[in-house]
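Every number in this text was worked out from the coordinates using simple rules, so none of it is lab data. Source: prediction; values computed, not measured. Note: ideal-geometry Cβ built from the backbone for every residue, glycine included; neighbour counts use all protein chains shown.
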Amino acid sequence: MNGNERREHILKLLSDCQSPLSGTALAKEVGCSRQVVVQDIALLRASDIEIILTNEGYLLPEKMKVSRVFKVRHDESKIAEELSLIIDMGGIVKDTFDNKFLGL
């Protein structure tokens, strides 16, 4: 496997994985040393591919999505304001529900 193929394989591994991959794990997977993986990651970053290093390993930023469930209590007149605030701050509203329907 040449360098370009190895880097493509590293990118595929990172994109397929849901959690960070260590340099050692990537090295075993592509059949090279951890230091070669570190150099390959540097080359990928230099070519404007964003790869994040965490204390657990490497990952792609799109794998770092966070979601939250907010439980709020207010009357219907405040719903539009609440949703607008979430969106104005860069959030995405995936779903809404009413506790009356849940028997709560």
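Assorted remarks:
- Packing here is the average count of other Cβ atoms within 10 Å per residue, and on that basis the peptides 90-97, 34-41, highest first, run 34-41, 90-97.
- Förster-model FRET efficiency, 30 Å R0, S84 and I51, C-beta, rounded to 0.05: 0.30
- Footprinting exposure proxy for E8, E50 (fewest neighbouring C-beta atoms within 10 Å first): E50, E8
- Packing-based ranking, highest mean first, of 14-26, 72-84 given that Cβ atoms within 10 Å are counted: 14-26, 72-84
- Taking Rg/Rh (Cα atoms, Kirkwood Rh) as calculated from this structure, the corresponding entry among [x] 1.00; [y] 1.24; [z] 0.92 is [y].
- Here the Gaussian network model covers the chain, with springs between Cα atoms less than 10 Å apart; of L43, L85, L59, L85 fluctuates the most.
- If the chain linking D75 and N2 were pulled fully straight, counting 0.36 nm for each residue of separation and taking away their Cα-Cα distance, it would gain 20.1 nm.
- Lysine pair count for the chain with Cα-Cα distance under 20 Å and sequence separation of 8 or more or different chains is 9.
- Rounded tilt (10° steps) of 34-46 against the dominant C-alpha axis of the chain: 60
- Gained length - E29 relative to S15, 0.36 nm times residue gap less alpha-carbon distance: 3.6 nm
- Förster radius 30 Å - calculated FRET efficiency between L43 and I92 (Cβ-Cβ, nearest 0.05): 0.35
- In degrees, nearest ten, helix 79-88 long axis to first principal axis of the chain (Cα): 20
- For the chain, the relative contact order is 21 percent, taking Cα pairs closer than 8 Å that sit 6 or more residues apart in sequence and dividing their mean separation by the residue count.
- The chain - charge dipole about Cα centre, Lys and Arg +1 at Cβ, Asp and Glu -1, debye rounded to 20: 360
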